[in-house]
Structures are given as structure tokens and as C-alpha cells.
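Chemist: Next up is a structure, given as C-alpha cells.
The values are calculated or read from the model by the stated rules, or taken from the named source; none is laboratory data. Note that this is a predicted model, so its numbers are computed, not measured. A quick note on method: Cβ atoms are made from the backbone with ideal geometry, for glycine too, and the neighbour counts reach across all protein chains shown. To get the accessible areas, we keep the full protein, side chains included, count just its heavy atoms, and leave off ligands, DNA and RNA. Shrake-Rupley method; radii C 1.70, N 1.55, O 1.52, S 1.80 Å.
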Amino acid sequence: MKKLLAVAALATTLPLSNFAMADEDIGCGLGTMIFDGKTGKVYKVLGATTNGTSGNQTFGITFGTLGCDGTGTVDSAEKLALFIDGNMDNLARDIAKGEGETLSTLSEVWGVQEADKSAFNQLAKENFVKVFSSENVTSNEVLNNLNTLVAKDEALSVYAI
């Protein structure tokens with residue numbers, strides 16, 4: 001109960017306009033508000049950790065505060081971004097090989113049909129450098145890069161998001 005009251009007190013003191021936007025990497029919540037404007041992985045991790053504690057993100061979604069908008073729809077792009085974010089190293093390894101459990105799971109989450117998975121894996125493997133375009137590539141960039149390749153591929157373009 002104390003946590004809920006503390007979150008409610010913080011929520012009423014932070015700037016909560018309709019213009020507050022959730023961070024693409026870490027979503028909405030108290031961590032997004034506290035670390036607003038900060039750059040770098042450390043602040044992203046701190047923001048995500050803060051968003052995930054004390055139920056403040058749930059509170060924000062429920063009441064439309066903390067940069068959250070409870071009216072949106074969870075779409076596959078968000079699921080994919082979350083999956084990629086949590087599996088970047090393993091996904092890079094699997095894409096480099098053109099096979100593996102993480103790449104297989106990615107195609108499942110992406111909604112690729114069984115008959116097209118081989119082509120999806122091959123496309124990713126052949127374009128590894130484009131998918132992982134830099135040493136500091138983010139999960140959203142990986143998703144966007146891979147989606148661009150899928151959209152341009154004649155056979156796989158139906159899976160573009």
C-alpha cells in the first residue's frame with residue numbers, strides 16, 4: 001500500500017501532460033519520466049528497471065499518467081522489439097549462422113509461416129551487416145533494418161510490419 005501511495009504521490013508531482021511520450025526502448029513509466037532527456041545504455045537500463053518496479057507502469061497505463069496511454073494496442077512490432085532487446089547477442093550469433101533457437105523464435109514471434117522460415121533465415125544471414133549496422137545498434141534499429149529487408153523481399157514482403 002505504501003508503494004502505491006508513493007507512486008501516486010510521485011505521479012501527481014511529475015509533469016504529466018498529454019504531450020509526455022513514452023520512450024521507444026523502455027516504454028512509459030516513472031523511470032521514463034525520471035531519466036527523461038538522458039542518453040546512453042545506463043540510463044535506458046535504469047529507466048527500464050524503474051519502470052518495471054513497484055507497478056508504476058501498470059499504474060500509469062491504468063490511469064493514463066507517467067507518459068502512458070492506456071488506449072493503445074499492443075502490436076507485433078512491440079513484441080518483436082521486446083524480444084530482440086532481450087536477445088540481441090544470441091540473435092546476432094544465430095543470424096550470422098543463419099540458424100538457431102533465437103532466430104527460430106524470432107520468426108515465430110514475427111509470424112513467419114513454416115514454409116517461409118528458411119527464406120527468412122537466409123535473408124537475415126545474407127544481410128547480417130545491414131541488420132546489425134553498427135557495433136552500438138539498438139534493438140529498434142535491428143527490427144527496422146530487418147523489417148526493411150523483409151519489405152523489399154518479393155516472397156517475404158507479406159510479413160513486413
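One line per residue, one yes/no per condition, for (1) farther than 22 Å from Asp23 by Cα; (2) among the acidic types (Asp, Glu); (3) within 16 Å of the chain's Cα centre (by Cα):
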position	(1), (2), (3)
Thr53	no, no, no
Asp85	no, yes, yes
Ile95	yes, no, no
Lys152	yes, no, no
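Chemist: Consider only pairs whose beta carbons are under 6 Å apart and that are at least six residues apart or on different chains; among these, list those whose first residue lies in the range 136-155 and is touching a residue at least 60 places away in the same chain (Cβ under 8 Å) and whose second residue is open to solvent by less than 30 Å² (accessible area, probe 1.4 Å) and aliphatic (A, V, I, L, M).
Modeler: Final answer for the pair search is Ser139/Ala81; Ser139/Ile84; Asn140/Ala81; Leu143/Leu80; Leu143/Ala81; Leu143/Ile84.
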